[in-house]
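Student: Following this message is one structure expressed as structure tokens.
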Amino acid sequence: MTDQELIAYFETAVLPEVLRINRAITQYNVKEAVERNLELMQNDPKNVHARHRLSEIKNALEHPYDGPEIPKL
């Protein structure tokens, strides 16, 4: 997915306050995280970390994780 496609996707996406990305990751303040990562991606085209995080958030929005959490010790 290109940078422009990610930007277009998040311009219209309805973002929750908290999003479970996978078994180990819960993203809080999703809107702020998306804005921060979009800004990082636009300011530094070589920043693959921001692009990867946005892809993870997009995937979690489209396919919510509903499996078990990591057990608490």
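Student: Any residue that is more than 10 Å from the chain's Cα centre (by Cα), modelled with pLDDT of 95 or more, surrounded by 13 or more Cβ atoms within 10 Å (Cβ to Cβ) and hydroxyl-bearing (S, T, Y) - is there at least one of those in the range 8-30?
Tutor: Yes, the range 8-30 has at least one match.
Student: May I pose another question? Could we say that D66 is at pLDDT below 95, surrounded by 13 or more Cβ atoms within 10 Å (Cβ to Cβ) and not β-branched (V, I, T) here? Even if it seems obvious, please write down each step before you answer.
Tutor: Details: at pLDDT below 95: yes; surrounded by 13 or more Cβ atoms within 10 Å (Cβ to Cβ): no; not β-branched (V, I, T): yes.
In short, no.
Student: Further, regarding this structure: Checking L38 against (1) in contact (Cβ under 8 Å) with a residue 40 or more places away in the chain; (2) surrounded by 17 or more Cβ atoms within 10 Å (Cβ to Cβ), only one condition comes out false. Which one?
Tutor: Looking at each condition in turn, L38 falls short on (1).
The values are calculated or read from the model by the stated rules, or taken from the named source; none is laboratory data. Nothing here was measured: the structure is a model prediction, and the numbers come from that model. When we count neighbours, we look across all protein chains shown, and the Cβ atoms used for this are built from the backbone with ideal geometry, even at glycine.
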